[in-house]
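One structure is given below, encoded as structure tokens.
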Amino acid sequence: MNQKLVNTILLSLAFVAMVIGVHRSIQESDIAGNYWIYMIGFMLYIVYHYRKKKQTE
């Protein structure tokens, strides 16, 4: 699979997870209950950043 496409998908999923986390936190008034959504988004961003850094080397 094209590496740029995989990077784009990872970054998009990270962004979507963060938006969903913010939306659910506002709706439910509970940031701690939606912590796992933020961590999924953060983990996807870390994987994206690692892959991007590895490609430039």
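Summary of computed values
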quantity	calculated
Tilt relative to the chain, helix 3-28 - C-alpha long axis, 0 to 90 degrees, to 10	10
Viscosity 0.692 mPa s, 37 °C: Kirkwood-radius Stokes-Einstein D of the chain over Cα pairs, µm²/s	275
Value at 222 nm in deg cm²/dmol, rounded to 500, when DSSP H runs of n ≥ 4 in the chain each add -39,500 (n - 2.57)	-29500 deg cm²/dmol
Highest average packing first - 40-53, 22-35, Cβ atoms within 10 Å	40-53, 22-35
Cα-projected label distance for Thr8 with Gln27, points at 7 Å along beta-carbon direction, nm	2.9
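Computed from the coordinates by the stated procedures, all read-outs in this text should not be read as laboratory data. In this text, all values refer to a predicted model and were calculated from it rather than measured experimentally. Glycine also receives a Cβ, built like all others from the backbone with ideal geometry; neighbour counts cover every protein chain displayed.
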